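Engineer: Dropping the structure in here first, questions after.
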Amino acid sequence: MKRIGLGIIGLGYIGKVHLRHSLKLANANLVAVSDLSKRALRNARESGVKKTHSDYEQLLKDPEIDAVIIALPTHLHLQCAKKAAEEKKHIFLEKPIARNVTEAQEIISAAKKNSVKLMIGYPLRFNPTFRNVKDKIRSGTLGDVEIAHAVNIGSGPFFHREQDYAPTPVPEWWFNKELTGGGVLVDLGSHMVNLLRWYFGEIIDIKSHLGYRFNFDFEDSATCLARFESGTLGVISLGWFSHVTNVQVELFGTVQHANTQHRAPNPLLTAAQMLTMGRSKFFEPHLTELQHFVNCITQDLSPFSTGRDGLKDLEAISSAYKNQIQLAEKSSDI
Amino acid sequence: MCYYWDYSTGQTTDPRFVAALIDVIREQTKPDVNISVVEADASAMKCKHAFRLLGYEKLAQDYNVNLVNLSEDQSTSIEVTAGGQNFHLKVPRVIQEADLKINVTKIKYSLANIKITCALKNVFGCNPYPKKYKYHPRLDETIVALNKAMKFDLHLIDGIIVSGIQPRKLGLIMASTDPVAIDVAATRIAGENPNRIRYIQLAEKEGLGNTSFIPKGVPLDYFKKRYPRKTIQKKLMGKAYNLAIQMRFGKRLGLE
């Protein structure tokens, strides 16, 4: 079977995770990486990557590369994905697909026009615990799911490993709504909207309440109410305000309830896994999704989460921004 | 302020504490006294974001005080020695020219090497140079040098919420004109031994204050019993982290 030549564009937080996993994929070679950071490129070379570029256009011109993983800030998705498609590279694009619906449509058109595959990174779909829930819904063991609670609350870009450890700088683009396309609703919301769409079909109505604890012009918490095609009512809670990461789905069916959770792992266990396996079990779904992307190329299959999924998620999120519910403001005594 | 975590985590000073302090200062001096709330950029934090995120922009508007990013303020270069080492440091103009300097700090556990952060360590944040990790290899001496370069008139601890193994509402407020004494008291409350904290010992040797003192008010033991102390597992994890970084395992552990 032909081995796929891979390139990674962007070696930020998630780009580094993809780098570690790309070195372990079946039927794929990591050929090159691109980033503006010299330190990130040096680390990649030390990990065994032969070609490194500070300009991603050089990477895109490389004939050894069949597909690229784009892990850039959201405002750069459109430009980079279009150029990758024009160079006939298959695309794995990190979520959210783009800042807005118009940009997402352009990315999808570029991929279609150049006949390249476009997959959006939604690792929850590749997480065994969340897949088990999907099996329960599909098999009917829960009955009709009347209410679904989906939670994705953590520290978001204000990432802090543990209070004992050194804080991590927050890239400047995270503070600019024009560059991110929004706050937590677009960042973590895209994960949960995508997951619930997979479970219950398209969203036919959605409303949101946004919170601004950190006083920025983008929301750091959001709660959405969504009606799905299946009739299920979804309650989606999102936050960037917490030290603790909690990704959780709780379904209330007419026959049974189901509850599944994806918590941040024990740091000691993670350290042991990193030293022995070179990767953390926490990120296992990210490895599975990359392998799926490679398999889609080698076997000419349609990706499990397509550009259309990314677009539909963004359309729902865009509606949620438009349909905001106002509640009484929190009292402030300063 | 150190990072983008608000008062509820016990990591940063509650702006309401600073607001109350402003009220007291104005009552005791004059209502239109010019007050500046100052902080400098750090390796992982920018004041322009922290001031807003942590509620200080709102405080400045509501109380008509200046917010000063010390990294952007004019400063004077000075030479200081501490622990036999020489330092070329910058002292921000706003600190140099202030008639009254108040150091408002938290009690919290710090990187394993220095164990505790309180009044003396808080002055490390007044160093206008943003990439403060440069000083980490000789952190004890740097803390003392900065305290020699910038002497504060009063040290206040906002221990209403403290940060131990987790945050806890402790309801503690401490005040002293001696940064060494207040740090010794805070260290005891946090269950650490001040004799084993090098910068505290060095600060006393360099004449910044005294490790012996007579506390007034509620006995320290009352707070010590309630302080959310580090577990042995947590202490070991801190040491393991530092060791991993020293042994250049950071990349293999996904920390770089």
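Engineer: Taking a ≥ b ≥ c as the square roots of the eigenvalues of the Cα gyration tensor of the stretch A:213-319, is the shape rounded (a/c under 1.5), prolate (a/b larger than b/c) or oblate?
Structural biologist: Oblate.
Engineer: Given the protein assembly as shown, what percent of its DSSP beta bridges are antiparallel, to the nearest 5? Each step should come with its number before you reach the end.
Structural biologist: Details: 50 of 88 bridges.
If we restrict to bridges inside the protein assembly as shown, about 55 percent are antiparallel.
Engineer: Under the definition of Cα pairs under 8 Å and six or more residues apart, what whole-number percent is the relative contact order of the stretch A:203-253?
Structural biologist: 29 percent.
Engineer: List the aspartates and glutamates whose Cα sits under 13 Å from the Cα of B:LYS46, skipping any in the same chain fewer than 8 residues away.
Structural biologist: A:GLU172, B:GLU72
Engineer: Could you tell me what percent of the accessible area of the stretch B:7-249 is made up of carbon and sulfur, with a 1.4 Å probe and every protein chain present? Write down the numbers at each step before the final one.
Structural biologist: Values: 5810 of 11930 Å².
In the stretch B:7-249, the share of accessible area belonging to carbon and sulfur is 49 percent.
Engineer: What per residue convex hull volume, in Å³, comes out for the stretch B:184-230 when only alpha-carbon positions are used?
Structural biologist: About 73 Å³ per residue, rounded to a whole number.
Engineer: Please label the shape of the stretch A:23-117 as rounded, prolate or oblate, based on the square roots a ≥ b ≥ c of the eigenvalues of the alpha-carbon gyration tensor (a/c under 1.5 means rounded; beyond that, a/b larger than b/c means prolate, else oblate).
Structural biologist: Cα axes put the stretch A:23-117 in the prolate bin.
Engineer: In square angstrom, what is the accessible area per residue of the stretch B:7-249 with a 1.4 angstrom probe?
Structural biologist: Accessible surface, normalised per residue, equals 49 Å².
Engineer: Right, another one. Calculate I(q)/I(0) for the protein assembly as shown by the Debye formula, one identical point scatterer on each C-alpha and no solvent, and give its log10 at q = 0.07, 0.10, 0.12 Å⁻¹ to two decimals.
Structural biologist: -0.49, -0.96, -1.25
Engineer: Along Cα→Cβ, 7 Å out, is where each label goes; now give me the distance between the ones at B:ARG26 and A:GLU46 in nm to one decimal.
Structural biologist: Label at B:ARG26, label at A:GLU46, 5.3 nm between them.
Engineer: Additional query: Given the Cα-Cα distance of B:ALA240 and B:THR76 and 0.36 nm per residue of separation, how much length would full extension add, in nm?
Structural biologist: 55.1 nm
Engineer: Taking 7 Å along the Cα-to-C-beta vector as the label spot, tell me the B:ARG196-A:ASN27 distance in nanometres, rounded to one decimal.
Structural biologist: 5.7
Engineer: Which of B:ASN103, B:ILE232, B:PHE51 sits farthest toward the positive end of the charge dipole of the stretch B:7-249, with +1 on the Cβ of Lys and Arg and -1 on the Cβ of Asp and Glu?
Structural biologist: Of the listed residues, the answer is B:ILE232.
Engineer: By how many nm would the segment from A:LEU233 to A:ASN266 lengthen if fully extended, with 0.36 nm per residue of separation less the alpha-carbon distance? Each step should come with its number before you reach the end.
Structural biologist: Details: separation 33, 0.36 × 33 = 11.88 nm, distance 3.33 nm.
Stretched out fully, the A:LEU233 to A:ASN266 stretch lengthens by 8.5 nm.
Engineer: Here is the link list: B:LYS108/B:LYS131; B:LYS115/B:LYS230; A:LYS95/A:LYS312; B:LYS90/B:LYS151; A:LYS24/A:LYS61. Which ones come out longer than 18 Å on Cα distance?
Structural biologist: Numbers: B:LYS108/B:LYS131 21 Å; B:LYS115/B:LYS230 11 Å; A:LYS95/A:LYS312 12 Å; B:LYS90/B:LYS151 13 Å; A:LYS24/A:LYS61 24 Å.
As for pairs spanning more than 18 Å Cα to Cα, those are B:LYS108/B:LYS131; A:LYS24/A:LYS61.
Engineer: Of the peptides A:253-260, B:116-123, how do they stack up when ordered by the mean number of other Cβ atoms within 10 Å, highest first?
Structural biologist: Ranked by mean Cβ neighbours within 10 Å, highest first: B:116-123, A:253-260.
Engineer: Would you work out which of B:ILE200, B:ALA175, B:SER36 lies farthest towards the positive end of the dipole of chain B? Charges go on Cβ: Lys and Arg +1, Asp and Glu -1.
Structural biologist: It is B:ILE200.
Engineer: What whole number of Å gives the distance from the Cα centroid of the stretch B:41-98 to the Cα centroid of the stretch A:260-310?
Structural biologist: After rounding, the separation between the Cα centres reads 43 Å.
Engineer: Also, I was wondering about something else. What does the charge dipole of chain A about its Cα centre add up to, to the nearest 20 debye, if the Cβ of each Lys and Arg holds +1 and the Cβ of each Asp and Glu holds -1?
Structural biologist: It comes to approximately 1080 debye.
Engineer: Out of the DSSP beta bridges found with both residues in chain B, what percent are antiparallel (nearest 5)?
Structural biologist: 70
Engineer: Still on this structure, please answer the following. Mind running the shape call on the stretch B:7-249? Use the C-alpha gyration tensor, a ≥ b ≥ c as the square roots of the eigenvalues: rounded below 1.5 for a/c, prolate if a/b tops b/c, oblate otherwise.
Structural biologist: rounded
Engineer: Quick one: check the C-alpha center-to-center distance for the stretch A:1-55 versus the stretch B:170-193, whole angstrom.
Structural biologist: Cα centroid of the stretch A:1-55 versus Cα centroid of the stretch B:170-193: 49 Å apart.
Engineer: Go ahead and run the numbers for FRET between A:ASN176 and A:TYR212, Cβ-Cβ distance against an R0 of 22 Å, rounding to 0.05. Don't skip to the end; give the middle numbers.
Structural biologist: Values: r = 16 Å, r/R0 = 0.72.
The computed FRET efficiency comes out at 0.90.
Engineer: Roughly how big is chain B's charge dipole about its Cα centre, with Cβ charges of +1 (Lys, Arg) and -1 (Asp, Glu), in debye to the nearest 20?
Structural biologist: 1400
Engineer: Right, another one. Any idea which of A:THR223, B:THR12, A:LEU233 is furthest toward the positive side of the dipole for the protein assembly as shown, if Lys and Arg beta-carbons carry +1 and Asp and Glu beta-carbons -1?
Structural biologist: B:THR12
Engineer: Here's another thing I want to ask about it. Percent of Cα-Cα pairs per 10 Å bin, from 0 to the last occupied bin, for the stretch A:195-247, please list those.
Structural biologist: Per 10 Å bin, starting at 0, the Cα pair percentages come out as 24, 42, 28, 6.
Engineer: Mind checking which aspartates and glutamates have their C-alpha under 15 Å from B:LYS134, skipping anything on the same chain fewer than 8 residues away?
Structural biologist: Within reach: B:ASP41.
The values are calculated or read from the model by the stated rules, or taken from the named source; none is laboratory data. A quick note: this is a predicted structure, and the numbers were derived from the prediction, not measured. Cβ atoms come from the backbone with ideal geometry, glycine included; neighbour counts cover every protein chain shown. With ligands, DNA and RNA removed, areas are computed over all heavy atoms of the protein, side chains included. Shrake-Rupley method; radii C 1.70, N 1.55, O 1.52, S 1.80 Å.
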